[in-house]
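Chemist: Take a look at this one; I'll ask things after.
The values are calculated or read from the model by the stated rules, or taken from the named source; none is laboratory data. Owing to the predicted nature of the structure, the values given are computational and were not obtained by experimental measurement. Counting neighbours? That spans all protein chains shown, and the Cβs are built from the backbone with ideal geometry, glycine included.
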Amino acid sequence: MVATTFSADTPNLVTDIVRVNGVSGNWGWWCFLLTGMLTVFVYAKLWRRSEITTDLEFYELRYGGKPAAFLRGFRAIYLGVFFNIMIMATVSLAAIKIGGVMLGLTPVQTLLIASIVTVIYSSLGGLKGVLLTDFFQFFIAMAGAIGAAVYILDLPEVGSLENLLAHPNVSDKLSFFPDFNNMNEVIPLLLVPIAIQWWATWYPGAEPGGGGYIAQRMLSAKDEKNAIGATLFFNIAHYALRPWPWIIIALASLVVFPEISDLQAAFPHMPADKVGNDLAYSAMLTYLPPGLIGIVLASLIAAVMSTLSTHLNWGSSYVVNDFYLRFVKPEATDKELVNVGRISTVLLMAFAALLALALSNALEAFNILLQIGAGTGLIFILRWFWWRINAYTEISAMIISFLVALFFEVINPKIGLISIPEGMEYLKLLYGVMVTTATWLTVTLVTKPEDDKVLKTFYEKVKPAAYGWRKLLNRHPEIEAEQGQLPFEIGLMVAGSIAIYSALFAIGFWLYDDTIPAILAFTVSTIGFVILFRGWGKIKLF
């Protein structure tokens, strides 16, 4: 899980964020720790109990009839092909920038090399091959990021960590939080992510309630305890351990390349549409000495390959298991399914590479993905615990969220129907959440609920807490109600979030040489983890 999210486009994205909005801008993705910890303590065991192969099988377990079949088949293509291609394109864009800056390769040369190598081992190795390579690639990528940050701090242009933090280009970008006296910063950088974004939007790797390749990993764990432990480690590593090497390099880039024009001048061979703030991460790595630059380059290649391989495997699993086997040829042999998987792997990579050539920067792609998923997240949280959610709920949300995103990202810029003031782009996300949520809630209440037989089968198999299932349980007293531990699990989610955020801040304060805040943050983190691990043993497992 953590290797997949350690994509080469992630440090590029963090660099873009830090250069534009400072360290506090990272709340745009730090907020997803909340849904990550909710997945750890509430949803990981539920996914594992479902005993399905991909998360799309969930639709025909939770819903029934033709709407459930349509939803599964459509999402197999929508997520496994179109959405997945978009994600891989952002990763490939990062590869283009790395290859162009560090190796002098053209975008086409970079994509040919990266695509061919990754497709070969992904198609031959399957899920096990992807998991094994991801495991080693994570440690290579982490070592490379830390080594690069340490060396860059000693560059003559930077001087030291102390000099970096005191530099006028950097000193006003260090705060973990936006300026609370400036609501134009507080609202988009902190309030929207913490109050709305984490639960209301769908984003790959941070789906509310788990999903996608995170669900794939939880489903492949040997039992519920391992599913919980793996997802917990992922959130600790992703949010507490990894960000600071990227942030340090991003801050250093403001000293060496303070403006985008400086990047353009330093790398004139790069296409103009590929030169943005996210290019600064790769640009800084060119200062590394022989030997170290080889290790770091290998780590970035590992980061690219680990993410592409996971998404290729995940996407092809949707195409094979949830579309071809389910709807095209249910009697297909294992050999035929493997061949279909390999063909789909090649095609997914080819289309992703073509789309990558059209993208410009990591932050742009990140915002587009958030907008497409705006308003759908609450469904993925509630569908486990509210019997009234049905297939039409998800179908309507998926359609309207896409149409709203299409309107704001493509149509509205041309016709100007809704005016979005500069600096208030977050309004697009809020509009998307409101319109989509209102639509799917209305559809849910005016359409028939799922058949009791379907709901009964789901409840007895997955055993979610009974809070939102009372009407079904009252109609069927023969069903044993699962009392559950939902308040306790949400308490562990809060404790875990506080522990990991405190660990993140403790490392930051230590780097900033703020000793007392570092000690306080470390103490809070320690207390949080003690509560976490003591409580973990009390979670009821089956």
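Chemist: Here's a check for you: in region 195-230, which residue that is among the hydroxyl-bearing types (Ser, Thr, Tyr) and either within 13 Å of the chain's Cα centre (by Cα) or farther than 18 Å from ASP134 by Cβ (or both) is modelled with the highest pLDDT?
Modeler: Going through the qualifying residues, I end up with THR201.
Chemist: Moving to a separate point now. What is the residue count in region 123-171 for residues that are assigned to a loop (DSSP other than H, G, I, E, B) and within 25 Å of LEU241 (Cβ to Cβ)?
Modeler: Residues flagged as assigned to a loop (DSSP other than H, G, I, E, B) and within 25 Å of LEU241 (Cβ to Cβ) within region 123-171 amount to 5.
Chemist: Grab the helices (runs of 4 or more DSSP H) fully contained in region 1-113, keeping just those with 1 or more residues being β-branched (Val, Ile, Thr).
Modeler: In region 1-113, the matching helices (runs of 4 or more DSSP H) lie at 2-5, 9-21, 32-38, 65-77, 84-103.
Chemist: Here's a check for you: in region 44-67, which residue that is small (Gly, Ala, Ser) and either touching a Pro at 6+ places or on another chain (Cβ under 9 Å) or under 21 Å from TRP314 (Cβ atoms) (or both) is surrounded by the fewest Cβ atoms within 10 Å (Cβ to Cβ)?
Modeler: Per the stated criteria, the residue is SER50.
Chemist: Looking only at region 253-293, which residues are crowded, with 18+ Cβ neighbours inside 10 Å, of a type in the set (Val, Ile, Thr) and within 28 Å of the chain's Cα centre (by Cα)?
Modeler: VAL275, ILE293
Chemist: Please determine, by comparing only the residues of region 525-542 that are over 27 Å from GLY508 (Cα atoms) and of a type outside the set (D, E, K, R), which one is surrounded by the fewest Cβ atoms within 10 Å (Cβ to Cβ).
Modeler: This residue is GLY537.
Chemist: Something else now. Six or more apart or on different chains, Cβ atoms under 6 Å: show the pairs whose first residue is in region 401-415 and within 18 Å of VAL433 (Cα to Cα) and of a type in the set (Phe, Trp, Tyr) and whose second is in a helix (DSSP H, G or I) and modelled with pLDDT of 85 or more.
Modeler: PHE408/LYS428
Chemist: Let me ask you something else. Which ranges mark the helices (runs of 4 or more DSSP H) fully within region 248-319 that have 2 or more residues being farther than 24 Å from THR4 by Cα?
Modeler: Because the criterion is at least 2 residues that are farther than 24 Å from THR4 by Cα, the helices (runs of 4 or more DSSP H) in region 248-319 that meet it are 260-266.
Chemist: Pull up region 297-311, narrow it to residues that are of a type in the set (Gly, Ala, Ser) and surrounded by 21 or more Cβ atoms within 10 Å (Cβ to Cβ), then point me to the one that is farthest from the chain's Cα centre (by Cα).
Modeler: In the first step, residues of region 297-311 are kept if they are of a type in the set (Gly, Ala, Ser); the result is 298-299, 302-303, 306, 309.
With surrounded by 21 or more Cβ atoms within 10 Å (Cβ to Cβ) added as a condition, the list becomes 299, 302-303, 306, 309.
Details: SER299: 20, ALA302: 18, ALA303: 14, SER306: 14, SER309: 15 Å.
Restricting to residues being of a type in the set (Gly, Ala, Ser) and surrounded by 21 or more Cβ atoms within 10 Å (Cβ to Cβ), the top hit is SER299.
Chemist: Select from region 137-170 the residues that are of a type in the set (Gly, Ala, Ser) and touching a helix residue (DSSP H, G or I) at 6+ places or on another chain (Cβ under 7 Å) and write down the one among them that is farthest from ILE301 (Cα to Cα).
Modeler: Narrowing region 137-170 to residues of a type in the set (Gly, Ala, Ser): 141, 143-145, 147-149, 159-160, 166.
The next check asks that each one be touching a helix residue (DSSP H, G or I) at 6+ places or on another chain (Cβ under 7 Å); those that pass are 141, 143-145, 147-149, 160.
Working: ALA141: 8, ALA143: 13, GLY144: 11, ALA145: 12, GLY147: 15, ALA148: 15, ALA149: 17, SER160: 28 Å.
Once the filter is applied, the top-ranked residue is SER160.
Chemist: How about region 99-146: which of its residues are among the hydroxyl-bearing types (Ser, Thr, Tyr) and surrounded by fewer than 20 Cβ atoms within 10 Å (Cβ to Cβ)?
Modeler: THR106, TYR121
Chemist: For residues that are surrounded by 24 or more Cβ atoms within 10 Å (Cβ to Cβ) and farther than 25 Å from PHE136 by Cα, tally how many sit in region 1-22.
Modeler: Count: 5.
Results for (1) in contact (Cβ under 8 Å) with a residue 12 or more places away in the chain; (2) closer than 30 Å to SER261 by Cβ; (3) surrounded by fewer than 21 Cβ atoms within 10 Å (Cβ to Cβ), shown as yes or no for each residue.
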site: ILE295; (1), (2), (3): yes, no, yes
site: ASN313; (1), (2), (3): yes, no, no
site: SER316; (1), (2), (3): yes, no, no
site: ALA356; (1), (2), (3): yes, yes, no
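Chemist: Looking for something over 20 Å from MET88 (Cα atoms) and of a type in the set (A, V, I, L, M, F, W, C) - is there at least one such residue anywhere in region 298-317?
Modeler: There is no residue in region 298-317 that is over 20 Å from MET88 (Cα atoms) and of a type in the set (A, V, I, L, M, F, W, C).
Chemist: I would also like to ask the following. Determine if region 78-86 includes at least one residue that is modelled with pLDDT of 85 or more and either closer than 19 Å to ASP9 by Cα or of a type outside the set (Val, Ile, Thr) (or both).
Modeler: Within region 78-86, one or more residues are modelled with pLDDT of 85 or more and either closer than 19 Å to ASP9 by Cα or of a type outside the set (Val, Ile, Thr) (or both).
Chemist: Here are ALA499, ALA521, ALA503: which of them is surrounded by 20 or more Cβ atoms within 10 Å (Cβ to Cβ), more than 21 Å from THR35 (Cα to Cα) and modelled with pLDDT of 95 or more?
Modeler: Result of the check over ALA499, ALA521, ALA503: ALA521.
Chemist: In the list GLY491, GLY468, which residue meets the criterion of being small (Gly, Ala, Ser), closer than 30 Å to ILE400 by Cβ and either assigned to a helix (DSSP H, G or I) or touching a residue at least 40 places away in the same chain (Cβ under 8 Å) (or both)?
Modeler: GLY468
Chemist: For VAL42, indicate whether it is closer than 20 Å to MET493 by Cβ and in contact (Cβ under 8 Å) with a residue 60 or more places away in the chain.
Modeler: yes
Chemist: Follow-up. For LYS222, which of the numbered conditions (1) farther than 25 Å from ILE98 by Cα; (2) in contact with a helix residue (DSSP H, G or I) (Cβ under 7 Å, 6 or more places away or on another chain) fails to hold?
Modeler: (2)
Chemist: Follow-up question, since we're still on this one. Would you check if there is a residue in region 194-207 being without any contact (Cβ under 8 Å) to a residue 40 or more places away in the chain, polar (S, T, N, Q) and either surrounded by 16 or more Cβ atoms within 10 Å (Cβ to Cβ) or over 30 Å from ALA76 (Cβ atoms) (or both)?
Modeler: No, region 194-207 contains no residue that is without any contact (Cβ under 8 Å) to a residue 40 or more places away in the chain, polar (S, T, N, Q) and either surrounded by 16 or more Cβ atoms within 10 Å (Cβ to Cβ) or over 30 Å from ALA76 (Cβ atoms) (or both).
Chemist: Restricted to region 411-458, and to residues that are in contact with a Phe, Trp or Tyr (Cβ under 7 Å, 6 or more places away or on another chain) and of a type in the set (A, V, I, L, M, F, W, C), which residue is surrounded by the fewest Cβ atoms within 10 Å (Cβ to Cβ)?
Modeler: It comes out as VAL443.
Chemist: Across region 442-465, what is the number of residues that are touching a residue at least 60 places away in the same chain (Cβ under 8 Å), of a type outside the set (A, V, I, L, M) and farther than 14 Å from TYR63 by Cα?
Modeler: 2
Chemist: Which one of the conditions (1) surrounded by 17 or more Cβ atoms within 10 Å (Cβ to Cβ); (2) touching a Gly at 6+ places or on another chain (Cβ under 7 Å) does TRP386 fail to meet, given that it meets all the rest?
Modeler: (1)
Chemist: Quick one: LEU191 ticks every box in (1) free of Cβ contacts under 8 Å to residues at least 12 places away in the same chain; (2) in contact with a strand residue (DSSP E or B) (Cβ under 7 Å, 6 or more places away or on another chain) bar one, so which box is it?
Modeler: Tallying (1) free of Cβ contacts under 8 Å to residues at least 12 places away in the same chain; (2) in contact with a strand residue (DSSP E or B) (Cβ under 7 Å, 6 or more places away or on another chain), LEU191 fails exactly one: (2).
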